[in-house]
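Since the structure comes first, as structure tokens, the remarks are kept for the end.
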Amino acid sequence: MTSQQIKDLTHQYIMTTYGRFPVAIDPGRGATLYDPEGNAYIDFTSGIGVCDLGYGNQAWADAISDQAKRLGHVSNLFYTEPAARLAEILCKRTGESCVFFANGGGEANEGMIKLARKYSFDKYGKGRSTIITLNNSFHGRTITTLVATGQEVFHNYFFPFTEGFRYADANSLESLEAAAGDDVCAVMMELVQGEGGVLPLDKTYVQAVKKLCEEKDWLLLADEVQTGVGRTGKLFAFQQYDILPDVVSFAKGIAGGLPMSGIMANEKCRNVLGPGTHATTFGANPVCAAAGLVVQETLTDAFLEDVQAKGTYLRNQIEALHLPCFGQTRGMGLMIGIEVKDGCNKSEIANKLIENGLLVLTAGPGMRLLPPLVITKEEMDKGLAIMKETLG
Ligand SMILES: *Cc1c(COP(=O)(O)O)cnc(C)c1O
């Protein structure tokens, strides 16, 4: 089909929940995508932080196809090897104790919220179920994770929302203490706020929150749906902060493009979600887990150091361009935010760059770059040249 035919068919038959860029994509190779007419696009988006191995990765495609031919799905009523092996690797590389696999970020966060409330219920009974989240956060699109999201604009249309969330300002221990109370069971945060605009939390703040949680027997819940799986240059962002959260959610990059997510819990929380308390039909799917194993094999410590180096390179080069609409950059590893100056429009900028062959994202008040972790220097330089040409 041509791009136009794909667009027309989409408009006719798919709900209009997305404001799409006017580009159809097929196929991709490395960090370069093509439209059906053969035009190339350098990809600084990874399908929103998902395709960490880029496109057309041979080992990844082989693992998926081999596993699909052996066993595509059998449910969690039986044991399967790929998920067990993936869980072992995640625990050994992070110091967490056990994993529950699900399918998407919002669903993983629902599981994390359930775990926190049940931990408290088992120990203290009812009335201690409030979770403090941060202003400007993003935690998902289910009824409960929408209200966990600390942005008023998401608390609309779908009333009534779930009770039991309060908000505190990021990087302010005073604000967190003001939100405290006998009804609290947990604090939930993204260590680098993603959708909110790529805003890393301060290390001293995160460590102080961890300490406060220990004092009050609140669980510290890290939403690493976007920051996890190598994005920040460590396997998980909490490893940049030298803390071990009680529960960590992950999703986007875990299987390199197949739908998979999950939560990891520490030893204290290992048995909170016992038999019958939580489940999901597709969770721990063997094909997704086989893809996840290839991601883990690729993300060696040396590879992750290289992710940090690539992120530094990209940020330095962008700042050196001194583009009239761009201010400072921020972020961690290959999760990069660019400040957009007053008078410039982030959506217009994104559209212009895409028109000229560079795919980018926006987040909060600025631009957001999430390139595939395997992006080459040559591809980064091509992207930078398009930026200079389009916005210089
Ligand atoms: C993307 C994202 C989610 C939601 O994930 P879905 O897979 O879209 O449900 C939740 N939290 C964070 C931090 C995210 O970036």
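The values are calculated or read from the model by the stated rules, or taken from the named source; none is laboratory data. Since the structure is predicted, the reported quantities are computational estimates derived from the model, not experimental observations. No Cβ is skipped: glycine too gets one built from the backbone with ideal geometry, and neighbour counts run over all protein chains shown. Please note that ligands, DNA and RNA were not included when accessible areas were found on the heavy atoms of the full protein model with its side chains. Shrake-Rupley method; radii C 1.70, N 1.55, O 1.52, S 1.80 Å.
Once you put a point 7 Å from the Cα of residue 211 and another 7 Å from the Cα of residue 282, both along the Cβ direction, what distance in nm separates them? With each label point 7 Å from Cα toward Cβ, the separation is 4.3 nm. Between residue 68 and residue 13, the modelled labels are 1.9 nm apart [label points 7 Å from Cα along Cα→Cβ].
Each 20 Å bin, from zero up to the one with the longest distance, holds this percent of the alpha carbon pairs of the chain: 27, 58, 14, 0. Subtracting the Cα-Cα distance of residue 93 and residue 268 from their residue separation scaled by 0.36 nm leaves 61.2 nm.
May I ask you to list the aspartates and glutamates whose Cα is less than 15 Å away from that of residue 382, ignoring any residue fewer than eight positions away on the same chain? Once the sequence-local aspartates and glutamates are set aside, what remains near residue 382 is 43, 355.
Given the pairs 123/216; 211/234; 310/341; 92/234; 114/268, which are separated by over 20 angstrom at their Cα positions?
Table pairs above 20 Å Cα-Cα are 211/234; 310/341.
Couplings 3J(HN,Hα) of region 178-184, computed from phi: 5, 8, 5, x, 5, 8, 8 Hz, in residue order, whole Hz [Karplus 6.51 cos²θ - 1.76 cosθ + 1.60, θ = phi - 60°; x for Gly and Pro].
Which order do peptides 298-308, 355-365 fall in by mean Cβ count within 10 Å, highest first?
Numbers: 298-308: 15.4, 355-365: 19.2.
Ranking the peptides 298-308, 355-365 by packing returns 355-365, 298-308.
Excluding same-chain neighbours fewer than eight residues apart, the lysines reachable from residue 7 by a Cα-Cα span under 24 Å are 346, 352.
Report the convex hull volume per residue for region 301-368, counting only C-alpha atoms, in Å³.
Numbers: hull volume 5.8 nm³, N = 68.
Value for region 301-368: 86 Å³ per residue.
Carbon and sulfur together cover what percent of the accessible area of region 71-125 at a 1.4 Å probe radius? Heavy-atom surface of region 71-125 belonging to carbon and sulfur, 1.4 Å probe: 61 percent.
The sum of -39500 (n - 2.57) across all DSSP H runs of n ≥ 4, divided by the residue count of the chain, sets its helix-only mean residue ellipticity at 222 nm to -12000 deg cm²/dmol.
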